[in-house]
Amino acid sequence: MIKVSNLHKYFGNNHVLKGIDLEVEKGTVVCIIGPSGSGKSTLLRCINLLEAPSKGHVLIDGTDITDPKQNINALRTEVGMVFQRFNLFPHMTVLDNITLAPIKVRGMAEKDAQDLAKALLKRVGLADKADAYPKQLSGGQQQRVAIARALAMKPKYFLFDEPTSALDPELVGEVLDVMKSMALEGTTMVVVTHEMGFAREVADRVVFMDDGVILEDKPPEILFTRPENPRTKSFLDRVL
Amino acid sequence: MNFSLVSQYSGFLLRGAGLTIVMALGSIILGCLLGTVLGLMRVSSSKPLSLFSGAYLQIFRGTPMLLQIMFIFFAIPQIYNMMTGSFFNWKPEIAGIIALGMNSGAYIAEIIRAGIQGVDIGQTEASRALGLTQHQTMQLVILPQALRRVIPPLCNEFIVLLKDTSLISSIGAKELMYRSRSMGVTTYDFVSFLAGAAIVYFCLTFILTQASSWVERRLAVSD
Ligand SMILES: Nc1ncnc2c1ncn2[C@@H]1O[C@H](COP(=O)(O)OP(=O)(O)OP(=O)(O)O)[C@@H](O)[C@H]1O
Ligand SMILES: [Mg+2]
């Protein structure tokens, strides 16, 4: 379980996260929605310590990752992340992108890592792209490779930061389909997204964030149809 | 003006050109080693290392190269003498290579810093999110990408360095500049000998320019 409690984040004087409490149970999908600048990315990035929380705690399976004595690298292998702009390694083939961390971090044998990578590429529908370079792929294909790269570490949790926002509209579906299949398999996912259809269909809970606080945290069928907070209402009116 | 004199002494001049090439190579190697270490220090999270590297750059960028050459050739042996009481002297070629290498190390460090910092921060974040250590991230993800970016400015630095070896003639290294000037003095034919040296320098830098644009084209293809 991921348990965030009273999390604060400052950038200089900018108070970006103002006491976030959030729990993500194993096997659930939590979507985070909210206006631009509300701190959604910052919250995700605090969960795998790409940003250092200013105050509060983040517990991953009971281990407090804000404890300076923790081995951050080991913890990060349990929390995979998929970025808005893919961040594939441009100097490596698709296969090498996927096998790098399993080999270097998990110490997996090269052959095993390649077999794993090929199986994952098949799963995301890119079995024929193993030897391509990222530049030779469309945005949707690159994002699917990035998901395969995260899957290869077999993390317990997945963080997605607007995985489809950088994609042409016609490529969004192929990435969402992969994410849906992950959700169906019981993968634990925290997804920052503007895809309300995806949130409604896949999420167990939808969290609405505004100005550094969580205003509502409800199952989608309730949040989308009967939002309580006026700010949630006006946000949904704008995006739906 | 008498170019037949130049061809008569071409062996003498070409030996000077040989020394020019050797000194350029020596200072390039030293400069790359120093520059890599200093460049990595500059981007490291350790404040003292980064400050040291920054100060080094400031000193070498803020003083004339000719002064640096003379300082190493003349002043270092004096400092050594003051501190230990014993004597030593550099060969001008060695002192020159060290001075040029230390000078270009400062500029190469800056090239390497820019190359590393020019790699998208998302690359580091993706690597760290996968659990790679800071060291693995640098070695496997950042440096290979930085290398492509630093090759064009590095080639440029090599061309500058090759021409700057002529300054070492001022402390008596018998390279191309030294020899053509001394032949000019002996024969009173500066035009032919300086023009001859200019042609040799030009050919050497021309080869380097061609090589560097070939490398750039290759990089563009594989990108
Ligand atoms: N590295 C940083 N340094 C300084 N300020 C930052 C940094 N990252 C984010 N911020 C600030 O924190 C606030 C929240 O940013 P964040 O990226 O978390 O918002 P977001 O909800 O993800 O927005 P969007 O929907 O546009 O992605 C913004 O005001 C932003 O300017
Ligand atoms: Mg964001």
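The values are calculated or read from the model by the stated rules, or taken from the named source; none is laboratory data. Predicted model only: the values in this text are computed from it and were never measured. Methodologically, a virtual Cβ is constructed for each residue, glycine included, from the backbone with ideal geometry; neighbour enumeration extends over all protein chains shown. Just the protein is used for accessible areas: all its heavy atoms, side chains included, with ligands, DNA and RNA removed. Shrake-Rupley method; radii C 1.70, N 1.55, O 1.52, S 1.80 Å.
Return a yes/no flag: does segment A:40-48 have any residue that is away from ligand 2 (no atom under 16 Å from the Cβ), within 10 Å of chain B (Cβ to nearest Cβ) and under 17 Å from the mean Cα position of the chain (by Cα). There is no residue in segment A:40-48 that is away from ligand 2 (no atom under 16 Å from the Cβ), within 10 Å of chain B (Cβ to nearest Cβ) and under 17 Å from the mean Cα position of the chain (by Cα). Screening B:L147 with (1) in contact (Cβ under 8 Å) with a residue 24 or more places away in the chain; (2) open to solvent by less than 20 Å² (accessible area, probe 1.4 Å); (3) within 14 Å of chain A (Cβ to nearest Cβ) gives one miss only, at (2).
Within segment A:1-17, restricting attention to residues that are away from ligand 1 (no atom under 12 Å from the Cβ) and over 29 Å from A:R200 (Cβ atoms), which residue is least open to solvent (accessible area, probe 1.4 Å)? Looking at the filtered set, the residue picked out is A:H8.
Residues in segment A:18-38: is at least one closer than 20 Å to A:Q84 by Cβ, open to solvent by 10 Å² or more (accessible area, probe 1.4 Å) and either touching a Lys or Arg at 6+ places or on another chain (Cβ under 7 Å) or more than 13 Å from ligand 2 (Cβ to nearest atom) (or both)? No: segment A:18-38 contains no residue that is closer than 20 Å to A:Q84 by Cβ, open to solvent by 10 Å² or more (accessible area, probe 1.4 Å) and either touching a Lys or Arg at 6+ places or on another chain (Cβ under 7 Å) or more than 13 Å from ligand 2 (Cβ to nearest atom) (or both). Considering only residues of segment B:109-140 that are facing chain A (nearest Cβ under 8 Å), among the hydrophobic types (A, V, I, L, M, F, W, C) and assigned to a loop (DSSP other than H, G, I, E, B), which is most open to solvent (accessible area, probe 1.4 Å)? Taking the candidates together, the pick is B:L130.
Scanning for something open to solvent by less than 90 Å² (accessible area, probe 1.4 Å) and touching a Lys or Arg at 6+ places or on another chain (Cβ under 7 Å), does segment B:27-38 turn up at least one residue? Break it down into steps so the answer makes sense when it comes.
So in segment B:27-38, the residues open to solvent by less than 90 Å² (accessible area, probe 1.4 Å) come out as B:27-28, B:30-32, B:34-38.
Applying the additional criterion that residues be touching a Lys or Arg at 6+ places or on another chain (Cβ under 7 Å) yields none.
There is no residue in segment B:27-38 that is open to solvent by less than 90 Å² (accessible area, probe 1.4 Å) and touching a Lys or Arg at 6+ places or on another chain (Cβ under 7 Å).
Which members of segment A:147-172 meet the condition of being in contact (Cβ under 8 Å) with a residue 40 or more places away in the chain and within 16 Å of ligand 1 (Cβ to nearest atom)?
Filtering segment A:147-172 down to residues in contact (Cβ under 8 Å) with a residue 40 or more places away in the chain leaves A:147-153, A:155-163, A:165-166.
Passing the criteria: A:L159, A:F160, A:D161, A:E162, A:P163, A:S165, A:A166.
For segment A:39-55, does any single residue satisfy the condition of being in contact (Cβ under 8 Å) with a residue 24 or more places away in the chain and surrounded by fewer than 16 Cβ atoms within 10 Å (Cβ to Cβ)? Yes.
When residues in segment A:46-74 are screened for being among the polar types (S, T, N, Q) and not in a loop (DSSP other than H, G, I, E, B), 2 of them pass. Scanning segment A:87-118 for residues that are within 21 Å of the chain's Cα centre (by Cα), more than 8 Å from chain B (Cβ to nearest Cβ) and closer than 17 Å to A:R144 by Cα yields A:V94, A:N97, A:I98, A:T99, A:A117. Which ones in segment A:191-216 are small (G, A, S) and not in a helix (DSSP H, G or I)? Matches in segment A:191-216: A:A203, A:G212. Among the residues of segment A:156-186, those that are closer than 23 Å to A:L49 by Cβ, open to solvent by less than 20 Å² (accessible area, probe 1.4 Å) and within 16 Å of ligand 2 (Cβ to nearest atom) comprise A:L159, A:F160, A:D161, A:P163. Mind checking which residues of segment A:18-52 are farther than 21 Å from A:E201 by Cβ, among the small types (G, A, S) and more than 14 Å from ligand 1 (Cβ to nearest atom)? Result: A:G19, single match.
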